[in-house]
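Notes follow once the structure below has been shown.
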Amino acid sequence: MGRRKIEIQPIQHDRNRSVTFLKRKNGLFKKAYELGVLCSADVAVIVFGHNSKLYEYCSTDINALLARQREVRFLRPAIFRV
């Protein structure tokens, strides 16, 4: 017996939405940490909550990582830009 497909829809109650957001944010940051450790990768995650509060995780200095991203994006041909 397989898992049933659940319908994704916005959570109506503020308290439930906040609790779910915090749990999922923590899970996302944990996965980002694991990816960085297991694969020796530099990882950054930036999340804005519904109240416009900023949450971030970075395995290294985030400013250095963003500078690297800008440099790579600048040097990459325009055809490959997303």
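What follows draws every value from the coordinates through simple rules; no lab data is involved. Remember, predicted model here, so these are calculated numbers, not experimental data. Here the Cβ positions follow ideal geometry from the backbone for every residue, glycine too, while neighbour counts run over all protein chains shown.
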Item to check | On Cα atoms only, tilt of 62-75 relative to the major axis of the chain in degrees | outcome: 60
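Would you mind calculating the relative contact order of the chain from Cα pairs under 8 angstrom and at least 6 residues apart, reporting the percent as a whole number? Present the calculation step by step, with values, prior to reporting the outcome.
Working: 43 pairs, mean separation 13.5, N = 82.
Reported as a whole number, the value is 16 percent.
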Item to check | Dipole-positive endmost among 52, 40, 19 within the stretch 14-80 (Cβ charges, Cα centre) | outcome: 19
Checklist entry - Relative to the longest principal Cα axis of the chain, at what angle does helix 14-39 sit, 0 to 90 degrees, rounded to 10? => result 40
Item to check | CD proxy at 222 nm, helix term only [per DSSP H run n ≥ 4: -39500 (n - 2.57); per residue of the chain; nearest 500] | outcome: -17000 deg cm²/dmol
Checklist outcome for this item: Heads up, the chain by the C-alpha gyration tensor (a ≥ b ≥ c square roots of eigenvalues; a/c under 1.5 rounded, else a/b over b/c prolate, else oblate) looks prolate
Item to check | Candidate lysines - alpha carbon under 16 Å from residue 23, same-chain residues fewer than 8 apart omitted | outcome: 31, 53
